[in-house]
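*Asks:* So that we are looking at the same thing, I have put the structure below in C-alpha cells.
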Amino acid sequence: MLCLKILPFLLVLHMELSKAFPVPSEHSEEKNAKIVQKYLEKFYQLPSNQFRSTKKNSTSMIVEKLKEMQRFFGLKVTGRPDVETLEMMEKPRCGVPDSGDFMLTPGNPKWKHTDLTYRIMNRTPQLSQAEVERAIEQAFQVWSAASPLTFTRMEHGDADINIAFVERDHGDNSPFDGPNGILAHAFQPGQGIGGDAHFDAEETWTQTSSNYNLFLVAAHEFGHSLGLSHSTDPSALMYPNYAFREPSSYSLPQDDINGIQAIYGPTDNPIQPTGPSAPRTCDPRLTFDAATTLRGEILFFKDKYFWRRHPQVRQVEFNFISLFWPSLPTDIQAAYEDFDRDLVFLFKGNQYWALSGYDIQPGYPRDLSNYGLPSTVQAIDAAVFYGGKTYFFVNNQHWRYDNQRQSIDPGYPKSISSAFPGIESRIDAVFQQDYYFLFFSGPRYYAFNLVARRVTRVARSNLWLNCR
C-alpha cells in the first residue's frame, strides 16, 4: 500500500518542505516527501497519477490535500508539510481514510437488521483465544450499550462481520505496513467484505497500556463496521489516531453516542447513556484542574486531557493524559515544576508523582504527608515553586514548604488573600513565569506581580490556549 512513486512528485515535495523548515540532509528531504505522499494517497485520496500532468497542477493538488488534512486534525492550515503536520502523519492510526469512500455520505451505509453476527476467523499468538474473544466481545458491547444493536458470536458459517489478523497484502487492496503505522481497518456495512475488520498481525497486541490495546482498536474498527466515519474530535473513539484509555472504566464518548444513534436510533434501554465530552478549547467558561511549566513548555490539565503550549510553536496541542503517561490517573488536581531539581510533580488526592521531562520517575506515587502538611489535608488545589520554596494552596489557605530543609515554614498556614492581595477566590491552578504567579480561578486568570506584590492583569483563562 505504501509504495514509492515517481521522482517529479518528490521534487515538488522537496520544494514544499524547504518552505516549511530547514531539512538537514537530502536523505531526510526525500524521506519526508515519501511520508507526505503516502499519507495523502492513503487517507486523503491524493490521486497517484495527478502529479504526472504538470508541476503546477501537482503542487496545487498537494497543497489542497495538505490543507484538508490539517483542517481535519485542527493544525495550522498552511498547505505545507511543517513539523507538526509530519509528526501527526507518523502517529499510529486506523487504516480507513479520513474522507471519501468510508464517509457516511453519500448513501449512509447501515445494516438493515439490528441483530448482527460476528465471527473471529483467527487470533494473534500474543493473546490467548479467551483473551481475544473477551476483547472483541467488550468492543461490541461499547456499541450495543448505546444503540438497539445486538451482537452474537458464531463459531462457523457466514457472519455479518468477519474478524481476522492478517499481514501485509491480504487480498482486499489495502495491505498493512508492518509494525506501527496502520494498525487495523474495517469496511462499511454491506455484502461480501462489508463490515469485516482486519487487524495487522505484525503489531504487538495487548490487554494493557503497552503497545496496542486490542479492545480499544477493535472498538474503533467496529464503529466503521457499523457505518461510522472518522471524527475530528480528539476525545472520540472514532478519532483516527490511536490513544490508550483505561479499558476497565471505558465509557463511550458523547460524540460517538451521537454518531451511532444518528444511524440506528437510541438504545431500547429506558435509561439512555451519556458519555464524556472533551472540553472545548475556546469555551469562555473553560476552567483548568492544574497547570505547570515543563522545561519552557506550559501544561494545562482538565479531566482526562491536557493542553501543551510550547513557546516556539503557535499551535497548542491537545492530548489524552494517558497517551503520554498511561499509568497516571485522570483529573490531576495540582502540579508544579521544581526548577532546582528539574522535576515536575503532579498531585491527585493524597498521592503525587514525579516527572523528569516526560518520564515518570521510579518509586512513585508517594504520599502527600511527605511534605509535612497536616493530616487533615488529603488533597491540594494548586501548587507552585519559587525561590527554593513550594507553595501549596488549599481552599482559602496556603502553606510554604522549604525544599532545602524539607519542612513547612513556621507561621503557616496563612490566608491566600493576606499573602497575595487581589486573589480572593479559591485557586484552581497556578504556575510561575518570569516574576509572576499566574493564578487560575474559574474561567479567569490573575497575573500576580511578585515584585510589586499586586495583581496587574485579569483576563480569560483560555487566552493561554490562543483563543481570542
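The values are calculated or read from the model by the stated rules, or taken from the named source; none is laboratory data. Remember, it's a predicted structure, so these values are computed and weren't measured experimentally. Methodologically, a virtual Cβ is constructed for each residue, glycine included, from the backbone with ideal geometry; neighbour enumeration extends over all protein chains shown. For accessibility, only protein heavy atoms count, side chains too; no ligands or nucleic acids. Shrake-Rupley method; radii C 1.70, N 1.55, O 1.52, S 1.80 Å.
*Asks:* How about the range 113-226: which strands (runs of 3 or more DSSP E) wholly inside it have at least 3 residues that are open to solvent by less than 10 Å² (accessible area, probe 1.4 Å)?
*Replies:* Details: elements: 115-120, 150-153, 161-166, 182-186, 197-200.
Output list reads 182-186, 197-200.
*Asks:* Please work out if Ile271 is without any contact (Cβ under 8 Å) to a residue 40 or more places away in the chain, among the β-branched types (Val, Ile, Thr) and closer than 30 Å to Trp111 by Cα.
*Replies:* Answer is yes for this residue.
*Asks:* Next question. Looking for something under 30 Å from Gly442 (Cβ atoms), at pLDDT 90 or above and of a type in the set (D, E, K, R) - is there at least one such residue anywhere in the range 285-292?
*Replies:* In the first step, residues of the range 285-292 are kept if they are under 30 Å from Gly442 (Cβ atoms); the result is 285-292.
Still in the list and also at pLDDT 90 or above: 285-292.
This time we only want the ones that are of a type in the set (D, E, K, R), so: 285, 289.
For the range 285-292, residues under 30 Å from Gly442 (Cβ atoms), at pLDDT 90 or above and of a type in the set (D, E, K, R): present.
*Asks:* For the range 359-392, name all the residues that are farther than 12 Å from Phe347 by Cα and acidic (Asp, Glu).
*Replies:* Of everything in the range 359-392, just one residue is farther than 12 Å from Phe347 by Cα and acidic (Asp, Glu), namely Asp359.
*Asks:* Quickly run through the range 415-427 and pick out the residues that are open to solvent by 50 Å² or more (accessible area, probe 1.4 Å) and part of a loop (DSSP other than H, G, I, E, B).
*Replies:* Pro421, Glu424, Ser425, Arg426
*Asks:* Run down Tyr371, Tyr412 and say which single residue is out of contact with any Pro (no Cβ under 8 Å at 6 or more places or on another chain), over 23 Å from Asp303 (Cα atoms), in contact (Cβ under 8 Å) with a residue 24 or more places away in the chain and surrounded by 15 or more Cβ atoms within 10 Å (Cβ to Cβ). Write out each step before concluding.
*Replies:* Numbers: Tyr412 fails: in contact (Cβ under 8 Å) with a residue 24 or more places away in the chain.
Going through Tyr371, Tyr412 in turn, the sole match is Tyr371.
*Asks:* If you go through the range 375-388, how many residues are open to solvent by 50 Å² or more (accessible area, probe 1.4 Å) and at negative phi?
*Replies:* Narrowing the range 375-388 to residues open to solvent by 50 Å² or more (accessible area, probe 1.4 Å): 375-376, 378, 386-387.
Filter once more, so that each one left must be at negative phi: 375-376, 378, 386.
Of the residues in that region, 4 qualify.
*Asks:* Another question, if that's okay. Could you check how many residues of the range 389-409 are outside any strand (DSSP E or B) and closer than 17 Å to Asn370 by Cα? Before the answer, list the steps.
*Replies:* First, pick out the residues of the range 389-409 that are outside any strand (DSSP E or B): 395-396, 403-406, 409.
Within this subset, residues satisfying the condition of being closer than 17 Å to Asn370 by Cα are 403-406, 409.
Total satisfying the criteria: 5.
*Asks:* If you don't mind, another one. For a quick check of your reading of the model, give me the residue pairs whose first member lies in the range 148-173 and is more than 14 Å from Trp111 (Cα to Cα) and β-branched (Val, Ile, Thr), whose second is open to solvent by 70 Å² or more (accessible area, probe 1.4 Å) and not in a loop (DSSP other than H, G, I, E, B), with beta-carbon atoms closer than 9 Å and at least 6 apart or on different chains.
*Replies:* Thr152/Asp115
*Asks:* Is there a residue in the range 428-443 that is under 21 Å from Pro279 (Cβ atoms) and either open to solvent by 40 Å² or more (accessible area, probe 1.4 Å) or free of Cβ contacts under 8 Å to residues at least 12 places away in the same chain (or both)?
*Replies:* Here is the first cut: in the range 428-443, the ones under 21 Å from Pro279 (Cβ atoms) are 428-431, 438-443.
With either open to solvent by 40 Å² or more (accessible area, probe 1.4 Å) or free of Cβ contacts under 8 Å to residues at least 12 places away in the same chain (or both) added as a condition, the list becomes 428, 443.
Yes: the range 428-443 contains one or more residues that are under 21 Å from Pro279 (Cβ atoms) and either open to solvent by 40 Å² or more (accessible area, probe 1.4 Å) or free of Cβ contacts under 8 Å to residues at least 12 places away in the same chain (or both).
*Asks:* Which of the residues spanning the range 227-257 are assigned to a helix (DSSP H, G or I), open to solvent by 40 Å² or more (accessible area, probe 1.4 Å) and farther than 21 Å from Trp325 by Cβ? Break it down into steps so the answer makes sense when it comes.
*Replies:* Step one: filter the range 227-257 for residues assigned to a helix (DSSP H, G or I), giving 247-249, 254-257.
Subset that is open to solvent by 40 Å² or more (accessible area, probe 1.4 Å): 248-249, 254-255.
Those that are assigned to a helix (DSSP H, G or I), open to solvent by 40 Å² or more (accessible area, probe 1.4 Å) and farther than 21 Å from Trp325 by Cβ: Gln254, Asp255.
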